[in-house]
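A short worksheet on the structure shown next.
The values are calculated or read from the model by the stated rules, or taken from the named source; none is laboratory data. Small disclaimer: the values here were computed from a predicted structure and weren't measured. Positions of Cβ are backbone-derived with ideal geometry, glycine not excepted, and every protein chain shown enters the neighbour counts.
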Amino acid sequence: MPAFNEAESIPELVRRTRAAVDGLGAYELIIVDDGSTDGSWSVIECTAAECPEVVGLRLQRNFGQHPAVSAGFAAARGAVIVTLDADLQNPPEEIPKLVARLGSDCDVASGWRQFRHDSASRTLPSRVINFVVAKLTGVRLHDYGCMLRAYKREVVEQVQACPEVNKFITALVSWLGVRIVEVPVEHHERAAGRSRYGYWRLIRMNIDLLTGFSTGTLQVVSIAGVIVSALGLGAGAFLGLWRVFHGSGPLGMMSFFAILLFLGGVQLAAIGIVGEYVGRIHLQAQGRPYYIVGESTQEGSTTSGHEP
């Protein structure tokens, strides 16, 4: 359970999750504090001292949701691993339903929030992400953004074996080709605090998806370059013929500036897209840890996130 500034939600999260999974056999609850600044780590430490099933990990800074999930994956010991946000929008009571769905025909039981209690500013960008991921991975799911998922251990091990930086775990799992089944789950309003997913973060996520799972954007830029060149060649031929037959070219400085700005925009966009790919290569070559665990409530836990 990745948590960022969720001090108000953690006690209720632990209470409800323990009650939900108590009948499933042996379990552990791993809460990963992703560099919180509101005292979440103190709450996690107190909870772990009272409940032996709770394991707390504190990352040295805010690495992001997916690095926090990877830290939890590395520490998890179960045959089935469930991911759950700490804000209680996805109720822990749905966990047994997901675990029961796993079987010979299902490696990942993915939550599907059919009726979301989010504003249009959250649901519309999510639909864009669902469309992009489905196109890139070839796996069509209704809800890629739902963190409530149950994984067989071998799937988690395959995810952890992928060495790239900027992982988008839900898309990566689909790319692996494992058997995913969607399970309808409830979705509630946020219990406390506020969402950290703004438009800028969602835009960044879409860029990471496009550059992390496909080279199609480079092909689009190449095609756009050919089209713009052909338009330029055609415009040049048109102006030459006009001058031959009419003695002067068409006037209009505003049209000239519009065309100039369009061409400049295409060039800048192309440079930016290429830069995204170069930037990913740069980050990969640096070989820095995906996450760093600063503290743990359990001795001998992983302290760095160098992926295999």
Taking only pairs six or more apart or across chains, which ones have beta-carbon atoms under 6 Å, a first residue in segment 164-191 that is in the same structural domain as residue 81 (by TED's automatic domain parsing), and a second residue that is among the aromatic types (Phe, Trp, Tyr) and modelled with pLDDT of 80 or more?
182/112; 184/112
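A quick yes/no check of all residues on (1) buried (at least 22 other Cβ atoms within 10 Å of the Cβ); (2) part of a helix (DSSP H, G or I):
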site: 14; (1), (2): yes, yes
site: 21; (1), (2): no, yes
site: 26; (1), (2): no, no
site: 45; (1), (2): no, yes
site: 57; (1), (2): yes, no
site: 81; (1), (2): no, no
site: 87; (1), (2): yes, no
Which members of segment 101-123 meet the condition of being in a helix (DSSP H, G or I) and at pLDDT 65 or above?
101
How about segment 59-77: which of its residues are in a loop (DSSP other than H, G, I, E, B) and either crowded, with 16+ Cβ neighbours inside 10 Å or of a type in the set (Val, Ile, Thr) (or both)?
62, 63, 64, 76
Might you check whether a residue that is modelled with pLDDT of 90 or more, under 15 Å from the mean Cα position of the chain (by Cα) and buried (at least 19 other Cβ atoms within 10 Å of the Cβ) occurs anywhere in segment 142-158?
yes
Mind checking which pairs have a first residue in segment 15-34 that is in the same structural domain as residue 88 (by TED's automatic domain parsing) and a second that is crowded, with 19+ Cβ neighbours inside 10 Å and of a type in the set (Ser, Thr, Tyr), Cβ under 8 Å, 6 or more apart or different chains?
29/17; 31/47; 33/40
